[in-house]
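K.L.:
Sharing a structure with you now.
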Amino acid sequence: MITAFVSCKEDCYSAPESVFFKLVDASGNNLLENGTLTFYTIQMEVNSTTTTNITATKTTDNRLELTKVGDFNGERNYRLYSNIDFFDFKIKASPITTDCEGYKIDSVVFENNLPVSQSGNEYTITLD
């Protein structure tokens, strides 16, 4: 007779929520919507000499959605380059504390003295 061990607990994974950037000018005009922002790329620092591009998707309401950032334990450095300006930011993440595995974003910290406001997981960033 062969006995099989079956786990009643299903494997599950909780991905961190997406982060959204709304990029505006000093008057509050959305730079993606009005066509001023025509180029952007986001790079993640892998180590002191290596970076890799991460996916940033333009949403239908003219925001940038960063998915799968924060899928780690610790802190990572990022830089957004655009035809207008560039800025640095850090994402701090930690494991979730439920029965599922996964991570949650604890904070997004912007450098370069950027004017930034936050509402949930959306950050409105003023670029000049």
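K.L.:
Amide H to amide H, which residues 5 or more places from Tyr123 or on other chains are under 5 Å from it, using H placed in the peptide plane?
P.N.:
Those qualifying (amide H under 5 Å, at least 5 residues apart or on another chain) are Phe20, Phe21, Lys22.
K.L.:
So, one more: Residue by residue through region 39-50, which ³J(HN,Hα) values in whole Hz follow from phi under the Karplus form 6.51 cos²θ - 1.76 cosθ + 1.60 (θ = phi - 60°), with glycine and proline marked x?
P.N.:
9, 7, 8, 10, 10, 10, 6, 7, 8, 5, 10, 10
K.L.:
Same structure again: What is the distance in Å between the Cα centres of region 67-88 and region 102-128?
P.N.:
Taking the Cα centre of each part, region 67-88 and region 102-128 sit 10 Å apart.
K.L.:
Which label marks the calculated value of volume of the Cα convex hull per residue in Å³, given the options (1) 187; (2) 155; (3) 97?
P.N.:
(2)
K.L.:
For region 23-128, state which GluC sites (Glu not before Pro) are in a DSSP loop and have at most 13 other beta carbons lying within 10 Å of their beta carbon.
P.N.:
Values: sites: Glu33, Glu45, Glu65, Glu75, Glu101, Glu111, Glu122; in loops: Glu33, Glu111.
Filter output for region 23-128: Glu111.
K.L.:
What ³J(HN,Hα) values, in whole Hz, does the Karplus curve 6.51 cos²θ - 1.76 cosθ + 1.60 give for region 91-97 when θ = phi - 60°, with x put for Gly and Pro?
P.N.:
10, 10, 9, 8, x, 6, 10
K.L.:
To continue, here is another question. Considering only DSSP beta bridges with both partners in the chain, what is the antiparallel share in %, to the nearest 5? The partial results should precede the final answer.
P.N.:
Values: 36 of 43 bridges.
Here the share of antiparallel DSSP bridges comes out near 85 percent.
K.L.:
Cut-off 10 angstrom, C-alpha nodes, Gaussian network model of the chain. Which of Phe89, Phe110, Phe39 fluctuates the most?
P.N.:
Largest GNM mean-square fluctuation: Phe39.
K.L.:
Please list, in order along region 52-67, the HN-Hα scalar couplings obtained from phi with the Karplus expression 6.51 cos²θ - 1.76 cosθ + 1.60 (θ = phi - 60°), rounded to whole Hz, x for Gly and Pro.
P.N.:
Those phi angles translate into 9, 6, 10, 7, 10, 9, 6, 8, 5, 9, 6, 10, 9, 9, 9, 9 Hz.
Read-outs: derived from the displayed coordinates by stated rules, not from any lab. Every value quoted in this text rests on a predicted model; they were computed, and no experiment measured them. Quick reminder, even Gly has a Cβ in these numbers, built from the backbone with ideal geometry, and neighbours come from all protein chains shown.
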